[in-house]
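Below is one structure; the comments refer to it alone.
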Amino acid sequence: MEPKLVKVPTEADIEKALKTDGRGISAATHKAHLTLWQGYANQTNNIRKQLAELDTDPAKGNQIYSQTRALKVNYAFAFGGYVNHNVYFATLGGEGGPATGEVARLIEESYGSFEAWKADWKITAISSRGWVYLGYDHKEGTVFNFAGDSQDTFPAWNHHLVLALDVYEHAYFLDYQTARAKYIDAWFDNVDWDAVNELIRGAGH
């Protein structure tokens, strides 16, 4: 069976995000970042092709090392990186400011106020080694700020990823060197809350 492959992003996929140029996150940063996103897409497709041809004889499986283990573990990393960046770029290029629409209501119900949520998001981003994620719990009707130390650390039961901030140094070093907090502030000025609300609607809310 031929595997379904993901779309490899192009510069057209960061066109909206490029609106942040001159507003805190440069076009040069996004264009360099795009090559990493493309890498996750390419490796996702590469692993899917290998899995489609995998010998599934149980005798060839092993928890210490086996081809199946290597492909499955690395698939989670590759596909996680692909999806994380999908959400990161899709939710950039807006007007920033306080949340609007449904996500504003969810934030207020879950954190008490936008300012309380924002403070929690910022300290989570500073404390994380790779990502901070806003997960929408479709059963409880709440949102939560998750810390992510790797590309494959988001999956959380009942949650949909609706906002993601990349805090690996490659996302801000050209603009801010090691001043992560300044990058986070610039990111807040460029969030597209309409895109976040669209992701919430897509989660079945």
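The values are calculated or read from the model by the stated rules, or taken from the named source; none is laboratory data. Every value quoted in this text rests on a predicted model; they were computed, and no experiment measured them. Cβ atoms come from the backbone with ideal geometry, glycine included; neighbour counts cover every protein chain shown.
See the values below:
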read-out	value
Some residue of the stretch 156-171 being in contact with a Gly (Cβ under 6 Å, 6 or more places away or on another chain), at pLDDT below 95 and hydrophobic (A, V, I, L, M, F, W, C)	yes
Filtered residues of the stretch 165-198 (kept if part of a helix (DSSP H, G or I) and of a type outside the set (A, V, I, L, M, F, W, C))	GLU169, HIS170, ASP175, TYR176, ARG180, LYS182, TYR183, ASP185, ASP194, ASN197, GLU198
Check on TYR88, closer than 30 Å to ASP185 by Cβ and modelled with pLDDT of 95 or more	yes
Whichever residue in the stretch 141-190 is among the β-branched types (Val, Ile, Thr) and under 15 Å from the mean Cα position of the chain (by Cα) and, among such residues, is surrounded by the most Cβ atoms within 10 Å (Cβ to Cβ)	VAL162
Within the stretch 45-99, tally of residues that are out of contact with any Ser or Thr (no Cβ under 9 Å at 6 or more places or on another chain), farther than 30 Å from GLY202 by Cβ and part of a loop (DSSP other than H, G, I, E, B)	6
Residue check, GLU109 at negative phi, assigned to a loop (DSSP other than H, G, I, E, B) and over 14 Å from the mean Cα position of the chain (by Cα)	no
Total residues in the stretch 7-38, condition in contact with a helix residue (DSSP H, G or I) (Cβ under 9 Å, 6 or more places away or on another chain), farther than 22 Å from GLU169 by Cβ and not in a helix (DSSP H, G or I)	4
Index of the failed condition, GLU2 passing every other in (1) touching a residue at least 40 places away in the same chain (Cβ under 8 Å); (2) surrounded by 11 or more Cβ atoms within 10 Å (Cβ to Cβ)	(2)
